[in-house]
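Can you keep this structure in mind? I'll have questions shortly.
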Amino acid sequence: KVAIKGIERELICPACKELFTHPLILPCQHNICHKCVKEILFASEDSFADGGSESSNQSSPRIRISASSMDRIDRINKSGRKRNSLTPRSTLLPCPSCQRDIDLGERGINGLFRNFTLETIVERYRQAARAAIAIMCDFCKPPPQESTKSCMDCSASYCNECFKIHHPWGTVKAQHEYVGPTTNFRPKILMCPEHEMERVNMYCEICRRPVCHLCKLGGGHANHRVTTMSTAYKALKEKLSKDIEYLISKESQVKSHITQLDLLLKETECNSERAKQEASQSFEKLYHVLEEKKSAALRAIETSKNIRLEKLQTQVEEYQGLLENNGLVGYAQEVLKETDPSCFVQTAKQLHVRIQKATESLRSFRPAAETTFEDFVVDTAKQEDILGDLSFHSNGLEIPEINEEQSRMYNKALISWKCPGKTESADIYVLEYHKLNKEEESVTWQKAEVCGKSKVLSDLDDDSSYAFRVRGYKGSICSSWSREVIMRTPPAPVFSFLFDDKCGYNNEHLQLNPRRTSVESRAGFPLLLGSERLQVGCYTTLDYIIGDTGIAKGKHFWAFSVEAYSYLVKVGVVPSNKIQKLFHNTHDVNSPRYEQDSGHDSGSEDAFFDSSQPCTLVTLGMKKFFIPATPAAPKDPASRILPLPSCLGICLDCDRGRVGFYDAGHMKCLYECEVDCSGLMYPAFALMGGAAVHLEEAVTSKYREYHDDI
């Protein structure tokens, strides 16, 4: 048999850390005191009513709720409690053992079973702990006698005499069940907590709890698989007995593991002391270096001070000599008393030179030494940053890498990173970034702590370059910094719009997605029927579509992508006063006003077509970007053809009357020209043949954040 004292750990409530008192079984199969459940729910209700203040989170001195449990209570108050009046109220309880939020249902505590088996074991443990303390009779006159038996039906303890008096022969009470002296009285029959007048006689295999026949007929267990209580009792007891026998048979293996764990405990203690010594030695080295630098700096300051004081003191003595009857002036006054010309000339010549120097010195007074010590100011900013980042580095914690393909710079910055290896990943990451500015000598990094592997930043300036780096932390251990990645923000604030499905939209040739963020051209029968009556060269049709929002002033930027299979796409801007001309192009082969080419190859028609364009557009297609043929453009056609970027951008500056076309992935301008911005300006797109354009989605504040698998 297992000693009672050896199982004390199993008899401690996880909430109050004391022996169980009237333990209840939670749906997660963990046990908790009845009073602890009430106190946790009271703390939860109080916190919800008071808005989650610190005082509301204080429970009674008996219970000690962990910080993680209180966090879960706060989360329940903010989410789980907000139900409308028509929804049945359910009670959520954070389990102190598994830290999960347990739904107690509409009945709350009343729907939980009391664990009488555990209660009996706790009572046996208490009796073993207080073996010298006897249980006294409840009915003796003072002084009470020691009880000899307890009646389970009366829930009372008796001495021999009182038991005979209260349980006389030939009465119903004589049939009561009695046991040895105890303070743990439990009912003979376990009643259903949902149907208080019904006894439990079945076991639900789905919910793993006893139920009554009403629960099975029309309650919450109607469609669950149940078995009889005797069958469940035999099956569970047999399974538990086999498991216990197996553990007992492996006693030698368990002892071996205990011995191994004891060695690991000692090894951990030794290794921690060694690590402390190594850390202390590392810091001692830093202390010595700092002390040496400090001593050298103080010595240099002291030496400079002495030299300066000596120079200034000498200068003071020289100027004191210029006073009357003192020093040089006094000596000169005595020389003037000499009456012998030869002797006077002999002495006065050298003295006159000294007097002249003193006079010049007096006219241009300048201290012999500086009083400030600006040259001795120690700049420790970089060293402070380095010491601030001082932490334990581990080879087992891999260095993250910023994923430039998944990172985006648009209305906000989305910075994503990954860990390429298979070693242990970090618990938290620190992302640092700073704006690249040639004028600033020192760099100030801004920090952001992230639990996932991406971060959305919204405080970046337009038309600026930023450097990013990231490192991982696991406890007090950190990885090295990742390689710095430089990314550039858009040249102007992002302009949001959708494709217009009303103004000039041709649903026979173009197809919009439901969100109006993508458009695809469909070359169908109308184009074939229109080209059937053509016998010579002609201008083929372009299907136009514009944005649903116009721009009146300011500088704006928008981005989009063109499918690689696209044959011909034109993108740019169109003023509002030329939109009608755009959608009623006289060169549309489907238009009834279309007239066939005259056949003259004079080139005048091309010139007329180019000059009559109502909007400013550039041509894309076949994975190429075509720079328009302008006087300023290169004459060689091959030099005007660039690879098509994966993402294109357009920057419209209405105030300056210019429009630029950008590689939006690197924010590099590919082509810029003048544009007439006299009216409202709309984004314009034209497609022909098989082609598709997708507008760039805006980065939201929670875009990709905490979703590493997307």
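The values are calculated or read from the model by the stated rules, or taken from the named source; none is laboratory data. The structure displayed is predicted, hence computed values, not measured ones. Note that we place each Cβ from the backbone using ideal geometry, even for glycine, and neighbour counts take in every protein chain shown. With ligands, DNA and RNA removed, areas are computed over all heavy atoms of the protein, side chains included. Shrake-Rupley method; radii C 1.70, N 1.55, O 1.52, S 1.80 Å.
From the list D501, D459, pick out the single residue that is surrounded by 13 or more Cβ atoms within 10 Å (Cβ to Cβ) and part of a loop (DSSP other than H, G, I, E, B).
Working: D459 fails: surrounded by 13 or more Cβ atoms within 10 Å (Cβ to Cβ).
After applying the criteria, what remains is D501.
In the stretch 551-567, what count of residues is obtained for those that are surrounded by fewer than 18 Cβ atoms within 10 Å (Cβ to Cβ) and either touching a Leu at 6+ places or on another chain (Cβ under 7 Å) or at pLDDT 95 or above (or both)?
To start, the set of residues in the stretch 551-567 that are surrounded by fewer than 18 Cβ atoms within 10 Å (Cβ to Cβ) comprises 552-554, 563-565, 567.
Next, from what is left, pick out any that are either touching a Leu at 6+ places or on another chain (Cβ under 7 Å) or at pLDDT 95 or above (or both): 552.
Residues flagged as surrounded by fewer than 18 Cβ atoms within 10 Å (Cβ to Cβ) and either touching a Leu at 6+ places or on another chain (Cβ under 7 Å) or at pLDDT 95 or above (or both) within the stretch 551-567 amount to 1.
Can you find even one residue in the stretch 411-420 that is assigned to a strand (DSSP E or B), at pLDDT 85 or above and open to solvent by 90 Å² or more (accessible area, probe 1.4 Å)? Before the answer, list the steps.
Narrowing the stretch 411-420 to residues assigned to a strand (DSSP E or B): 413-418.
Now drop any that are not at pLDDT 85 or above, which leaves 413-418.
Remaining after also requiring open to solvent by 90 Å² or more (accessible area, probe 1.4 Å): 418.
Within the stretch 411-420 (the criterion being assigned to a strand (DSSP E or B), at pLDDT 85 or above and open to solvent by 90 Å² or more (accessible area, probe 1.4 Å)), the answer is yes, since at least one residue qualifies.
Okay, moving on. Quick check: anything in the stretch 65-80 at pLDDT 75 or above and buried (at least 16 other Cβ atoms within 10 Å of the Cβ)?
Start the filter on the stretch 65-80 by keeping residues that are at pLDDT 75 or above, which leaves none.
No, that holds for no residue.
Now for a separate question. Output the residues belonging to the stretch 334-371 that are over 23 Å from T314 (Cβ atoms) and outside any loop (DSSP other than H, G, I, E, B).
Of the residues in the stretch 334-371, the ones over 23 Å from T314 (Cβ atoms) are 334-349.
If the condition is that a residue be over 23 Å from T314 (Cβ atoms) and outside any loop (DSSP other than H, G, I, E, B), then E334, V335, P341, S342, C343, F344, V345, Q346, T347, A348, K349 are the ones that fit.
Which condition does I248 not pass, out of (1) open to solvent by less than 80 Å² (accessible area, probe 1.4 Å); (2) over 47 Å from the mean Cα position of the chain (by Cα), if it passes all the others?
Every condition holds for I248 apart from (1).
Sticking with this structure for a sec: Identify, please: which residue in the stretch 516-543 is assigned to a strand (DSSP E or B) and modelled with pLDDT of 90 or more and is, among those, most open to solvent (accessible area, probe 1.4 Å)?
Of all residues in the stretch 516-543, those assigned to a strand (DSSP E or B) come to 518-521, 543.
Filter again for modelled with pLDDT of 90 or more, leaving 518-520.
Working: S518: 25, V519: 2, E520: 76 Å².
Out of the qualifying residues, it is E520.
May I pose another question? Restricting attention to the stretch 218-242, report how many residues are in a helix (DSSP H, G or I) and either open to solvent by 80 Å² or more (accessible area, probe 1.4 Å) or on the phi > 0 side of the Ramachandran plot (or both).
Residues of the stretch 218-242 in a helix (DSSP H, G or I): 218, 229-242.
Filter once more, so that each one left must be either open to solvent by 80 Å² or more (accessible area, probe 1.4 Å) or on the phi > 0 side of the Ramachandran plot (or both): 233-234, 236-240, 242.
Residues flagged as in a helix (DSSP H, G or I) and either open to solvent by 80 Å² or more (accessible area, probe 1.4 Å) or on the phi > 0 side of the Ramachandran plot (or both) within the stretch 218-242 amount to 8.
Report, by residue number, each residue of the stretch 347-361 that is open to solvent by 70 Å² or more (accessible area, probe 1.4 Å) and touching a helix residue (DSSP H, G or I) at 6+ places or on another chain (Cβ under 8 Å).
Going through the stretch 347-361, the residues open to solvent by 70 Å² or more (accessible area, probe 1.4 Å) turn out to be 349-350, 352, 354, 356-357, 360.
Selection gives R354 alone.
Condition first: crowded, with 16+ Cβ neighbours inside 10 Å, on the phi > 0 side of the Ramachandran plot and modelled with pLDDT of 75 or more. Can you find one or more residues in the stretch 89-99 that meet it?
No: zero hits.
Evaluate the stretch 269-289: report whether one residue or more is open to solvent by 90 Å² or more (accessible area, probe 1.4 Å), closer than 30 Å to L390 by Cβ and either aliphatic (A, V, I, L, M) or outside any helix (DSSP H, G or I) (or both). Before you say what the answer is, go through the steps one by one.
Residues of the stretch 269-289 that are open to solvent by 90 Å² or more (accessible area, probe 1.4 Å), as a first pass: 269, 274, 276-278, 281, 283, 285, 287-288.
Those still in the list that are closer than 30 Å to L390 by Cβ too: 269, 274, 276-278, 281, 283, 285, 287-288.
Of the ones still in play, those that are also either aliphatic (A, V, I, L, M) or outside any helix (DSSP H, G or I) (or both) are none.
There is no residue in the stretch 269-289 that is open to solvent by 90 Å² or more (accessible area, probe 1.4 Å), closer than 30 Å to L390 by Cβ and either aliphatic (A, V, I, L, M) or outside any helix (DSSP H, G or I) (or both).
Let's see how each residue does on (1) more than 15 Å from S561 (Cβ to Cβ); (2) in contact with a Pro (Cβ under 6 Å, 6 or more places away or on another chain); (3) modelled with pLDDT under 95; (4) surrounded by 13 or more Cβ atoms within 10 Å (Cβ to Cβ):
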{"residue": "T630", "(1), (2), (3), (4)": "yes, no, yes, no"}
{"residue": "L642", "(1), (2), (3), (4)": "yes, no, yes, yes"}
{"residue": "C654", "(1), (2), (3), (4)": "yes, no, yes, yes"}
{"residue": "R658", "(1), (2), (3), (4)": "yes, no, yes, yes"}
{"residue": "A664", "(1), (2), (3), (4)": "no, no, yes, yes"}
{"residue": "K668", "(1), (2), (3), (4)": "yes, no, yes, no"}
{"residue": "S678", "(1), (2), (3), (4)": "yes, no, yes, no"}
{"residue": "A686", "(1), (2), (3), (4)": "yes, no, yes, yes"}
{"residue": "E696", "(1), (2), (3), (4)": "no, no, yes, yes"}
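Taking the stretch 7-44, which residues are closer than 19 Å to R209 by Cβ and either among the small types (G, A, S) or open to solvent by 70 Å² or more (accessible area, probe 1.4 Å) (or both)?
Within the stretch 7-44, H22, Q29 meet the criteria.
Would you check if R469 is modelled with pLDDT of 90 or more, among the basic types (K, R) and surrounded by 13 or more Cβ atoms within 10 Å (Cβ to Cβ)? Lay out the reasoning, then the answer.
On the way: modelled with pLDDT of 90 or more: yes; among the basic types (K, R): yes; surrounded by 13 or more Cβ atoms within 10 Å (Cβ to Cβ): yes.
For R469, the condition - modelled with pLDDT of 90 or more, among the basic types (K, R) and surrounded by 13 or more Cβ atoms within 10 Å (Cβ to Cβ) - is met.
Here's another thing I want to ask about it. Which one of these is closer than 26 Å to D653 by Cα and part of a strand (DSSP E or B): Y433, Y473, Y466?
Values: Y433 fails: closer than 26 Å to D653 by Cα; Y473 fails: closer than 26 Å to D653 by Cα.
Among Y433, Y473, Y466, only Y466 is closer than 26 Å to D653 by Cα and part of a strand (DSSP E or B).
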